[in-house]
Structures are given as C-alpha cells and as structure tokens.
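Working notes, beginning with the structure itself.
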Amino acid sequence: MPPDDLLANLSSHRSREEILAHPRFAEARVALIDAMLALYEHEPFLNRLLLEAGRNVVFTVIMCLHARYREDDPATWPTLRLLTQEMAGFGLASPRRIADLVSRLVKTGYLEQRPLARDRRIRILTPTETMIEQDLDWLVSHYAPLQVLYPDPGYVPIMRRDRKFQQKHRLVAASLFPFAAQLLARNPTMVQFMVREAGMMIVIKLLQLGGPDVGAALEISYADVGARFGVSRTQVRNLLEEAEQGGLVRLSRGKAQSVQLLPPLVEAFDRFIADTMAGHDLVYRLAQAQ
C-alpha cells in the first residue's frame with residue numbers, strides 16, 4: 001500500500017509536540033537512554049558495526065526490504081542494487097560504502113546472500129537469526145520510551161518481541177522511507193553526531209551522567225568514554241571540540257576534563273527523540289491497521 005493510502009486509512013497518531021509536552025517526557029528520555037546504553041555500552045563490536053547513521057540505516061533498510069520480498073515480484077527482490085537505490089534517498093552512504101557494509105554483515109553472520117531459485121546469478125539479501133534478533137533489540141529499545149508515556153494499551157507486540165508483528169512493522173516501514181529521510185533532514189544538529197562513529201552514544205552517555213541536571217559540568221575521561229563505545233580518546237575529544245565550536249557544549253581547558261551540555265544540544269536531542277517516537281508510533285499504528 002503506498003504511503004498516502006496508508007496515512008489516509010490512519011486515525012491520528014502521536015505528534016512530536018504532544019510527546020514533548022507529555023508530563024512524563026523526562027522519564028521517557030531516561031528510558032531511552034538506559035535502553036540504548038544497555039544495548040551498546042561496552043559492546044565495541046556492535047558500535048563499530050552499527051552505530052553510525054549510514055550503517056544503522058543500511059541495517060534497517062535491509063530488514064524492511066526483506067519484509068516486503070515476494071519471489072514472484074522482481075521489483076521487491078532485496079538485492080544489493082535495490083538496497084543502493086533505496087539508500088540514495090537518505091544521502092548517508094555511497095554505493096561503495098553500502099557494498100562494503102553488506103560484505104561485512106555477511107562476514108560477521110548477520111546477513112546471507114542467497115541465490116534466487118529461478119536465476120542463481122541474482123543474490124537475495126537475507127537476514128540471519130542474529131540480524132533478526134538484533135533488530136528486535138533495536139525495536140524494543142526505541143519503543144521503551146513510548147511505553148512509558150502511553151502504557152495503556154501500550155506497544156505490547158513490540159515489547160514482547162513478537163516476530164509476526166516485527167514482520168508487519170518492517171513491511172510498513174518499507175513504504176515510509178521518504179518520511180524517515182525527512183525526519184533526519186529536519187534534525188541536522190543530531191545528524192552531525194549520528195554520522196560520526198559512536199557519536200550519538202557519546203551524547204547519550206553524557207546525558208546519563210548528567211542525570212536530571214543536564215546542564216551541569218561533568219568531569220569525564222575521554223579515554224574512558226571512548227573505551228565504552230570502541231573509539232579512541234582522540235575521536236571523543238575531536239567530536240566534543242567540534243560540538244563546542246557549534247555552541248552545543250562547553251569544555252574545560254585545565255588539568256581535569258569536564259564538559260557541560262548546553263541548552264541548544266539538550267533541546268535538539270529532545271526534539272529528535274520526540275520526532276522519532278512520533279514516527280515509531282505512526283509505524284506501529286499502521287502495522288496494526290494492516
């Protein structure tokens with residue numbers, strides 16, 4: 001079903017503004033931060049494999065393309081060529097980079113390239129059990145904050161890791177790639193962190209360390225933060241220095257290293273996660289309506 005038809009058949013869904021205004025939004029932010037850190041902190045392999053915008057989107061697009069795969073419809077065959085075409089709309093990765101990531105996913109056991117029965121020259125990108133489970137982990141972590149805000153009736157199939165609903169969810173999401181690209185485009189501040197390896201997780205860790213007082217100066221070790229996500233202290237320092245130049249953080253210049261998250265960064269983070277939560281709510285409702 002085309003995106004316009006899907007939306008026409010949908011009752012109202014949660015908006016970014018509604019989510020930001022929710023009295024439990026701060027709790028939802030904590031739920032997301034805790035869920036993401038539980039998945040990726042001290043997991044350098046997953047960080048290197050997935051935690052950069054281009055790699056993360058490639059992973060998700062493969063899951064979505066495979067959900068709509070029909071052997072009798074060549075237009076749905078999830079090949080490297082179709083993946084590259086769909087990724088073009090996001091502007092996050094070159095064809096060569098996409099091919100390299102596909103190769104890496106195959107080598108690490110997340111993906112298979114299975115020959116099509118009718119033409120063995122055509123290779124179908126097929127998620128393995130490992131990739132399907134990782135996708136379920138990702139979905140649960142991103143619906144955890146919505147579950148905090150709207151527990152009744154909640155998002156039960158996702159939180160229970162329902163495989164059939166996962167398939168429906170990814171099938172719907174495959175029709176909404178343009179909406180996902182627009183979401184990224186209207187959140188440029190956060191994208192500048194997402195396109196850096198472990199950049200988003202570094203921000204999330206700093207928000208966790210800050211706790212309720214997100215504007216406090218935090219004493220940190222660049223080496224320790226980097227080790228948590230499989231990047232060097234130099235990468236952490238460079239990321240934060242660039243953020244300081246953009247007016248997003250304030251860094252110390254003394255013997256101790258400290259960082260203060262400034263309001264423009266915290267507000268951009270909140271807008272971004274509210275935007276993504278609104279998108280996840282939309283996909284969930286569409287999947288239920290299918």
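Here's how it looks for Val195: its modeled amide H is under 5 Å from those of Ala53, which are all 5 or more places away or on a different chain. How large is log10 of I(q)/I(0) for the chain at q = 0.07, 0.10, 0.12 Å⁻¹ when the intensity is taken from the Debye formula with one equal scatterer per alpha-carbon? Cα-only, vacuum Debye calculation for the chain: -0.27, -0.56, -0.80. For the stretch 80-219, the relative contact order is 14 percent, taking Cα pairs closer than 8 Å that sit 6 or more residues apart in sequence and dividing their mean separation by the residue count.
For the chain, calculate the relative contact order in percent as a whole number, restricting contacts to Cα pairs under 8 Å that are 6 or more residues apart.
28
Note that the stretch 1-137 presents 51 Å² accessible area per residue, ligands and nucleic acids not counted, probe 1.4 Å. Computed per residue of the chain from DSSP H runs no shorter than four, each worth -39500 (n - 2.57), the mean residue ellipticity at 222 nm is -19500 deg cm²/dmol.
Global dimensions of the stretch 174-290 from alpha-carbon coordinates: Rg and Dmax equal 16.2, 58 Å. A Förster radius of 25 Å combined with the Cβ-Cβ distance from Phe45 to Met159 puts the calculated FRET efficiency at roughly 0.45. Surface composition of the stretch 185-281: carbon plus sulfur atoms hold 51% of the accessible area, using a 1.4 angstrom probe and ignoring ligands, DNA and RNA. In terms of Cα atoms, the Rg and Dmax of the stretch 88-137 work out to 12.5, 34 Å. Helices of the chain meeting both criteria, an alpha-carbon length of 20 angstrom or more along the long axis and an average Kyte-Doolittle score not below -1.0, with helices taken as full DSSP H segments, are 25-40, 53-67, 129-149, 263-289. What would the Debye equation give as log₁₀ I(q)/I(0) for the stretch 106-169 at q = 0.12, 0.17, 0.23, 0.30 Å⁻¹, counting only Cα atoms as equal point scatterers? Listed by q, the Debye log ratios stand at -0.43, -0.68, -0.93, -1.18.
The values are calculated or read from the model by the stated rules, or taken from the named source; none is laboratory data. Since the structure is predicted, the reported quantities are computational estimates derived from the model, not experimental observations. Note that each Cβ is placed from the backbone with ideal geometry, even for glycine, and that neighbours are counted across all protein chains shown. Surface areas here come from the heavy atoms of the whole protein model, side chains and all, with no ligands, DNA or RNA. Shrake-Rupley method; radii C 1.70, N 1.55, O 1.52, S 1.80 Å.
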